[in-house]
Amino acid sequence: MSRLCVILFGPPGSGKGTQAKFLRQSLGIAHISTGDMLRERIAAGDGLGLQASQIMQSGNLVPDEIVNRMVEDRIEQADAVKGFILDGYPRTVPQARLLVELLKSKGISPLVVHLKVDYNVIIARLSGRRQCPTCGALYSVTSNAPTVSEVCDYDGSKLVIRDDDRPEVVGERLRAYERQTAPVLEFLKSAGYQTAVIEGADASPQAISKRVLDWIEKQGVNAA
Ligand code: ADP
């Protein structure tokens, strides 16, 4: 059977990371988040991390060559043998072009899930977002608060606000999305990929996850 690939597409704050974590559990496939991988490189303090850090703090996109190489390496790892979820990639048309070729060479036909969320909701969500620096779990102070304020439910770490969730940076991230990422969707559709538009703001994360999974299963894929 061919490997499963789910591309989670949508603006920053549309819930890609949260949905990817649900999908990883339900489908038993790897979660590949270029944003998380870049943040790991920043935490490791290497040269690439240093370069990425400044770009990310300004709300702009990291050069294609860097993320392309990271993804090419990552999908070869053991946990991605059965399949993988791409969260935050591809984010530019050149990235999408490379991905289409890469998947074609592996005989993989991906499923694209477009999480649609209104910009006003996104701005409100990002300003209340918190993340666990240890396990990456995501919370919202309004809609998905941890049991103990500012503390991760899973490992007790103190939650942090990402640098790029500051209001002055959020605007730039949304502009980068409009300019560079929104055209990627048409590109993926024109590659012939199956695409679903899923409303990502009118229900709980769990209910949205069910919508996503139902659609994936309709495409002939079974949960783990
Ligand atoms: P969000 O989707 O909420 O913006 P991410 O964690 O996916 O959060 O990304 C954070 C930042 O990391 C982006 O603003 C960008 O600078 C960088 N980044 C992540 N993925 C990519 C990518 N595929 N190409 C270029 N830059 C990326």
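The values are calculated or read from the model by the stated rules, or taken from the named source; none is laboratory data. This structure is a prediction, so every number in the text was calculated from the model and none was measured. Neighbour counts run over all protein chains shown; Cβ positions are idealised from the backbone, glycine included.
Quick one: which residue in Asp202, Asp153, Asp214, Asp164 is within 16 Å of the ligand (Cβ to nearest atom) and either charged (D, E, K, R) or surrounded by 15 or more Cβ atoms within 10 Å (Cβ to Cβ) (or both)?
Just a single option satisfies the conditions, and that option is Asp164.
Please go through segment 99-122 and pick out each residue that is farther than 19 Å from Gly10 by Cα and touching a helix residue (DSSP H, G or I) at 6+ places or on another chain (Cβ under 9 Å).
If the condition is that a residue be farther than 19 Å from Gly10 by Cα and touching a helix residue (DSSP H, G or I) at 6+ places or on another chain (Cβ under 9 Å), then Leu102, Ile108, Ser109 are the ones that fit.
Matching residues to (1) surrounded by 15 or more Cβ atoms within 10 Å (Cβ to Cβ); (2) under 15 Å from the mean Cα position of the chain (by Cα):
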| residue | (1), (2) |
| --- | --- |
| Leu111 | yes, yes |
| Ser127 | yes, no |
| Gly171 | no, no |
| Gln180 | yes, no |
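Which condition number does Leu103 fail, the rest of (1) more than 13 Å from the ligand (Cβ to nearest atom); (2) assigned to a helix (DSSP H, G or I); (3) surrounded by fewer than 18 Cβ atoms within 10 Å (Cβ to Cβ) being met?
Checking Leu103 against (1) more than 13 Å from the ligand (Cβ to nearest atom); (2) assigned to a helix (DSSP H, G or I); (3) surrounded by fewer than 18 Cβ atoms within 10 Å (Cβ to Cβ), the one that fails is (3).
Can you find even one residue in segment 1-22 that is within 12 Å of the ligand (Cβ to nearest atom), of a type in the set (Gly, Ala, Ser) and over 16 Å from the mean Cα position of the chain (by Cα)?
no
Tell me the residue from Glu76, Glu40 that is under 26 Å from Thr195 (Cα atoms), out of contact with any Asp or Glu (no Cβ under 6 Å at 6 or more places or on another chain) and surrounded by fewer than 20 Cβ atoms within 10 Å (Cβ to Cβ), please.
Matching residue, one of Glu76, Glu40: Glu76.
Please work out which one of (1) surrounded by 20 or more Cβ atoms within 10 Å (Cβ to Cβ); (2) modelled with pLDDT of 95 or more is the condition Gly15 fails and give its number.
(2)
Please work out if Glu65 is within 15 Å of the ligand (Cβ to nearest atom) and not aliphatic (A, V, I, L, M).
When the stated conditions are applied, Glu65 passes them.
Can you tell me which residues in segment 169-224 are assigned to a loop (DSSP other than H, G, I, E, B) and not polar (S, T, N, Q)?
Listed by number, the residues that qualify are Ala191, Gly192, Tyr193, Gly200, Ala201, Asp202, Ala203, Gly220, Val221, Ala223, Ala224.
Checking the condition among the hydrophobic types (A, V, I, L, M, F, W, C), touching a residue at least 40 places away in the same chain (Cβ under 8 Å) and over 23 Å from Ser109 (Cβ atoms), which residue from Leu213, Leu188, Leu174 passes?
Answer to the selection: Leu174.
Could you tell me whether any residue of segment 83-100 is away from the ligand (no atom under 15 Å from the Cβ), of a type outside the set (Phe, Trp, Tyr), surrounded by fewer than 16 Cβ atoms within 10 Å (Cβ to Cβ) and in contact (Cβ under 8 Å) with a residue 40 or more places away in the chain?
No; the residues of segment 83-100 include none that is away from the ligand (no atom under 15 Å from the Cβ), of a type outside the set (Phe, Trp, Tyr), surrounded by fewer than 16 Cβ atoms within 10 Å (Cβ to Cβ) and in contact (Cβ under 8 Å) with a residue 40 or more places away in the chain.
Look at Lys189 and say whether it is of a type outside the set (A, V, I, L, M, F, W, C), touching a Cys at 6+ places or on another chain (Cβ under 9 Å) and surrounded by fewer than 14 Cβ atoms within 10 Å (Cβ to Cβ).
In short, no.
Out of Met70, Met56, which single residue is touching a Leu at 6+ places or on another chain (Cβ under 9 Å), within 11 Å of the ligand (Cβ to nearest atom), farther than 23 Å from Val113 by Cα and not small (Gly, Ala, Ser)?
Answer to the selection: Met56.
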